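Just so you know, all these numbers are worked out from the coordinates, no wet-lab data involved. Just so we're clear, the structure is a prediction, and the values are computed from it rather than from any experiment. Here the Cβ positions follow ideal geometry from the backbone for every residue, glycine too, while neighbour counts run over all protein chains shown.
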Amino acid sequence: MRGPALLLVVLVAGCGANAKPAPLPDLDQAVPAAVTIHRQGDRVLLAFASAVDNVGPGPLVVHAEREPGAETMVVRQVLGGDTVPVRGELRYVHAQTHAHWHLIGFERYELRDASGRRVLTARKAGFCLGDRYDSHRSRRIPGEPVEPVWTGECGRHEPGLRELDEGISPGYGDDYAPVLEGQYVDVTGLAGDFVLVHLANPDRMLREASYANNAASVALRLDGRGGLEILARCPDSDRCPEP
């Protein structure tokens, strides 16, 4: 019996080895947009819009579940008919303009000084993934569906959910407007030259076809009194202006 059983194992392993891997997503971080100064009383806020496109041939899909009584959901990335564990989590977030399940750690916003040292990090940590816009309206990229697939609101007003799927299809993107919960850093009293850096999938918790386009940045100057000057915009780089 050991011979046929061993042969079966080898055949199954061989089929798996020859199976075509699922196409991967490729997250492309957009340059910080609509970078402006907002005042809240005595506070000076550097506000900005952010956007991340999926330019890869595969969808970015995460499936999350939680045990009864657990506050957060455990996340797995869906790759074809398989799933792989993700180091992030889904957390239900109550905020002024929304209340739904956020993927923690999907994107990060940093303000760095001229030497590259991180000075500030925005408080926003979670994101509701979805096909919010067509990133290439004039053409379709490989794998792009004709219509958006991920159009839900990530369990809006459903804190009791036990499982949930979120995603971004090829050819679509997810964006957030300035000031909206965490879309800013407090720069009260700061003066000098800085770099605002947006990072998609900063800890590489999600599998992608490439990580080369996960950062984008803007060089700017603050005068300490609420004045702002944009010096340069740098796609695909966390260094701005690039050397």
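Points worth noting:
- Applying the Karplus relation 6.51 cos²θ - 1.76 cosθ + 1.60 with θ = phi - 60° to the stretch 207-221 yields 3J(HN,Hα) values of 7, 9, 5, 7, 10, 5, 10, 8, 10, 8, 8, 9, 8, 8, 10 Hz, where x marks Gly and Pro.
- Evaluating 6.51 cos²θ - 1.76 cosθ + 1.60 at θ = phi - 60° for every residue in the stretch 194-203, the Karplus couplings come out as 9, 10, 8, 10, 10, 10, 8, 6, x, 9 Hz, glycine and proline recorded as x.
- Ranked list, fewest to most other Cβ atoms within 10 Å of each Cβ, for SER169, SER115: SER115, SER169
- Tail fraction, Cα-Cα pairs, the stretch 22-234, threshold 31 Å, whole percent: 23 percent
- Taking Cβ atoms as reference points and 14 Å as the exclusive limit, the residues near ASP193 contribute a net charge of +1, counting Lys and Arg as +1 and Asp and Glu as -1.
- Using alpha-carbon coordinates, inclination of helix 2-18 to the longest axis of the chain, degrees: 40 degrees
- By the helix-only formula, in which each DSSP H run with n ≥ 4 contributes -39500 (n - 2.57) and the sum is divided by residues, the chain has a 222 nm mean residue ellipticity of -2500 deg cm²/dmol.
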